[in-house]
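Peer 1: Below you will find the structure I want to go over with you.
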Amino acid sequence: MPIIEAGRPDLKELNGLHLWHAGMSNCSQRCRITLSELGQSFESHIVDLRMAENATEEFQQINPNGVVPALVHDGTVIVNSVDILAYLDKTFGDGSLRPAEFEDQIALVLDRADKSQAGLKYCTFEFFFKHGPRQSEEVYQRLVTGLKSEWLRNFHAEARAGISRERLDEMVGKVHEDILWLEDIQQDGRKWLAGDQFTIADIAWMPNVHRYDILRWPLERYPLVSKWFKAASARNSYKEGLEGWEPRKLFDMALAGLDDRRAKGDGIETYGPLANG
């Protein structure tokens, strides 16, 4: 679990739960859903990603990876979303969201969720954020010069220049493989992703599948995943931790642009293996 040494002395003095997060960040959404499931309130610290606040030295002293979320609990800093879920459950849920009898399956599902980020990130930037307000050159330069992560700097440069068709086909293929994997593990009739009990394994994937859904991914091609997502998205924590934080103005603008793009025959369903039906 990446509990790290606080990079700022003031963090060690914080009492209670403090979450640095963003409305549209799927990893932030995981943490907020978990906090809702556990009935825990928290001090909210919004990080404006579109204004490159994640690239500031101040924020990277909290999370040196330059990404949200970051959790501080009574001076303890945890920076990876999957590990934050585990920490919250252990600390406040007494293992209720990670029962020992499902541990092997939970670990597998969490690992797959952790590795799904690249595909989701590329698809989100191309099919969602691309249709929102364009980041100014000043903010973009602040982002790529401030970030310490080489991977993130390269990603944002690629997104700024325009992601190639080849890369998009590759990333849509990665997401397709992830969803097929989720479909396959449910073939044994389990109710939730790790077994017959709702766990942090489900929480880790709820925001991802929500994101695929708003990108107009043809989820009807994966009936078991669709059934699971319907049940998961009916939970109150989904509404509190996810839907309640999404920026409506950006959301509506981006989706209008995406729907116009789809009408012209260039939606996500025309990329990678999705194009083959």
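Peer 1: Being of a type in the set (D, E, K, R), within 17 Å of Ile185 (Cα to Cα) and surrounded by 14 or more Cβ atoms within 10 Å (Cβ to Cβ): is that true of Arg235 here?
Peer 2: Judged against the criteria, Arg235 is not a match.
Peer 1: If I ask for residues that are under 16 Å from Glu57 (Cβ atoms) and assigned to a loop (DSSP other than H, G, I, E, B), which ones from region 6-30 would you list?
Peer 2: Ala6, Gly7, Arg8 - these are the residues of region 6-30 that are under 16 Å from Glu57 (Cβ atoms) and assigned to a loop (DSSP other than H, G, I, E, B).
Peer 1: Output the residues belonging to region 184-217 that are β-branched (Val, Ile, Thr) and either surrounded by fewer than 17 Cβ atoms within 10 Å (Cβ to Cβ) or in contact (Cβ under 8 Å) with a residue 60 or more places away in the chain (or both).
Peer 2: Listed by number, the residues that qualify are Ile185, Thr199, Ile200, Ile203, Ile214.
Peer 1: What are the residues in region 32-73 that are assigned to a helix (DSSP H, G or I), touching a residue at least 60 places away in the same chain (Cβ under 8 Å), more than 17 Å from Ile84 (Cα to Cα) and among the hydrophobic types (A, V, I, L, M, F, W, C), if any?
Peer 2: Met51, Ala55
Peer 1: Considering only region 74-152, give the helices (runs of 4 or more DSSP H) lying wholly within it that have at least 1 residues that are touching a residue at least 60 places away in the same chain (Cβ under 8 Å), among the small types (Gly, Ala, Ser) and assigned by TED's automatic domain parsing to the domain that holds Leu215.
Peer 2: Per the criteria, 103-114, 137-146.
Peer 1: Across region 235-251, what is the number of residues that are among the aliphatic types (A, V, I, L, M) and within 17 Å of Asp196 (Cβ to Cβ)?
Peer 2: Counting residues in region 235-251 that are among the aliphatic types (A, V, I, L, M) and within 17 Å of Asp196 (Cβ to Cβ) gives 0.
Peer 1: Can you go through Asn65, Asn26, Asn54 and tell me which one is at pLDDT below 95 and either within 25 Å of Gly119 (Cα to Cα) or of a type in the set (Val, Ile, Thr) (or both)?
Peer 2: On inspection, the qualifying residue turns out to be Asn65.
The values are calculated or read from the model by the stated rules, or taken from the named source; none is laboratory data. Predicted model, so just to flag it, every value in this text is computed and none were measured. Counting neighbours? That spans all protein chains shown, and the Cβs are built from the backbone with ideal geometry, glycine included.
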